[in-house]
Amino acid sequence: MKSIKIFLSIIVLLVIVLVFSLQAHAIPTIQLSDETITFDDDKNIYTTYKPIRKLKVDSQYKSTTIYTIQTGSFNSAADAQKHYDIIVQGLRKNELNFLRIEKIGNYHAVRLGKFLDYASADGFLQVLEPQLANTIILKANIKDERIIKIYEVGE
């Protein structure tokens, strides 16, 4: 009888150790639209299944990441507008693609262009270097609600 109690105690201990070791190696989960992908990096095991519920992204957080040229950042909208007007006067219409004023926090940024990669933005900037001194290329998130003004042909 005593040996059975010892045996059962050992089994209970092993189960507890097993449960804690499984919790220590919790498998990470990533949800991608209609699929959930679960994987264990140690064993390279991948499992795909349908989720119980779908998560939706709030539209206020939607944005597009691009490269753009920032020509200036100002405390006031009036100063940003003056800078914007100088750029419109100094460049040709085909060079003003996606010229805009964006309100970012307390600042008004004047930005030009919408490029897929840094090299494209840099190539465009090299051509316009004399007219666009003291500018920087940024990787930025474009959010429509931040755009105060955007260049339209015929301005």
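Below is a table of values for the structure above.
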item	result
Some residue of the stretch 69-82 being closer than 21 Å to E152 by Cβ, more than 28 Å from the chain's Cα centre (by Cα) and at pLDDT below 90	no
Those residues of the stretch 92-118 which are part of a loop (DSSP other than H, G, I, E, B) and touching a helix residue (DSSP H, G or I) at 6+ places or on another chain (Cβ under 7 Å), in sequence order	L96, L99
Some residue of the stretch 147-155 being within 24 Å of the chain's Cα centre (by Cα) and among the acidic types (D, E)	no
Output for the stretch 97-118, where each listed residue is surrounded by fewer than 19 Cβ atoms within 10 Å (Cβ to Cβ) and aliphatic (A, V, I, L, M)	I104, L116
All positions within the stretch 119-154 that are exposed (fewer than 14 other Cβ atoms within 10 Å of the Cβ), of a type outside the set (G, A, S) and in a loop (DSSP other than H, G, I, E, B)	E129, P130, N134, E152, V153
Positions within the stretch 98-129 being under 17 Å from D85 (Cα atoms) and modelled with pLDDT under 90, in sequence order	L128
The stretch 70-99 residues that are more than 10 Å from V110 (Cβ to Cβ), paired with ones that are assigned to a helix (DSSP H, G or I) (beta carbon under 8 Å, 6 or more apart)	L91/L128; E95/L128; L96/I87; L96/V88
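The values are calculated or read from the model by the stated rules, or taken from the named source; none is laboratory data. In this text, all values refer to a predicted model and were calculated from it rather than measured experimentally. For neighbour counting, all protein chains shown are included, and Cβ atoms are generated from backbone atoms with ideal geometry for every residue, glycine included.
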